[in-house]
Amino acid sequence: MRRAILALLILLASASVAPGATGPDRLSNPQQEARAVALQKQLRCLQCQGESLDESSAPLAIDLRRLIRARILAGQSDAQIKTYLVSRYGDFILMKPPLEPATVWLWFGPLLVILAGAAAVAVVVLRARPAKS
């Protein structure tokens, strides 16, 4: 009897984690699920910042993935969902923010920091050279 109960528990546990199983975080329609995943890959996790919503396991990313799926089920387009998230969280939520005056620092800030560091190194090296007589 114990073996039968144990076998039943193992069967139920394996069925709940089976690949392709639908759950509260998956859409039953494959096209809608594909749309959700594609959107999640284009949006940044605000907590992790270096990962997309699709890669992140942060609680905020999980909530945003659920929000995306709920809006897809409500019939919203990808553009409408992105517009909503950008209006709420700003352009920083986009993995590739648009190039405009407000986001110029997101695009060129790292390059400017590298150039400033290279200039500082060049000044130090030039000053350290012995003067020619």
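The values are calculated or read from the model by the stated rules, or taken from the named source; none is laboratory data. Bear in mind the structure is a predicted one, so any value in this text is a computation, not a measurement. Here the Cβ is made from the backbone with ideal geometry for all residues, glycine too, and neighbour counts use every protein chain on show.
Of the residues making up the stretch 63-78, those that are surrounded by 15 or more Cβ atoms within 10 Å (Cβ to Cβ) and in a loop (DSSP other than H, G, I, E, B) number 1. Could you tell me whether the stretch 86-101 includes any residue that is farther than 16 Å from Cys45 by Cα, part of a helix (DSSP H, G or I) and either touching a residue at least 12 places away in the same chain (Cβ under 8 Å) or out of contact with any helix residue (DSSP H, G or I) (no Cβ under 8 Å at 6 or more places or on another chain) (or both)? Yes, the conditions are met somewhere in the stretch 86-101.
The set of residues from the stretch 79-109 being over 20 Å from Ser56 (Cα atoms) and among the charged types (D, E, K, R) comprises just one member, Glu100.
Do you know which residues across the stretch 15-62 are surrounded by 10 or more Cβ atoms within 10 Å (Cβ to Cβ), modelled with pLDDT under 80 and hydroxyl-bearing (Ser, Thr, Tyr)? The one that is surrounded by 10 or more Cβ atoms within 10 Å (Cβ to Cβ), modelled with pLDDT under 80 and hydroxyl-bearing (Ser, Thr, Tyr): Thr22. Among residues of the stretch 19-42 that are under 15 Å from Ala70 (Cα atoms), those with a Cβ under 7 angstrom from a residue that is of a type in the set (Ser, Thr, Tyr) and modelled with pLDDT of 85 or more, sequence gap 6+ or separate chain, pair up as Gln40/Ser52.
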